[in-house]
Amino acid sequence: QYGQVGHGDHGLADWEPRPLKGLGQFKIVQVSAGEDHSVALTGNNEVFAWGRGTSGQLGHGDVTNVWFPFMVKALQGKGVVAVGTGYDVTFAITGTGKVFGCGSSAAGKMGNGDVDGGVGGNVYIPGL
């Protein structure tokens, strides 16, 4: 519905696995799927995100949906070694143990002091 499978706008579901065109040249070492978005980590510590972005959970600095894997430029050069997703949130952990997060802060899940996800509560640019 939001492109979280990564094949573009092809209806609500893909019934058979097929390669993601935007990631073909990368060695993927981890994939994480949130409620309506997905994130992939490459062997070169690059993070790609796609799907529903209405809470900023894709880390692209806005709240738009992305139909294909798109590199999270704000995490380039940060040395990300692991990624995780949840309902409207994405987290990345670096090799030095630093945590970056983006997305909805509802129920305090971003750890930024906001608990209701109100105006200004969402975190759009990774940085913790």
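Can you run phi through the Karplus equation (6.51, -1.76, 1.60; θ = phi - 60°) for the range 84-93 and list ³J(HN,Hα) in whole Hz, with x for Gly and Pro?
Values, residue by residue: x, 10, x, 6, 6, 9, 9, 10, 9, 10 Hz.
List every residue whose amide H lies under 5 Å from the amide H of Gln30, counting only residues 5 or more places away in sequence or on a different chain, with H placed 1.01 Å from N in the peptide plane.
Leu41
None of the figures in this text is laboratory data; all of them are computed from the coordinates on show. A quick note: this is a predicted structure, and the numbers were derived from the prediction, not measured.
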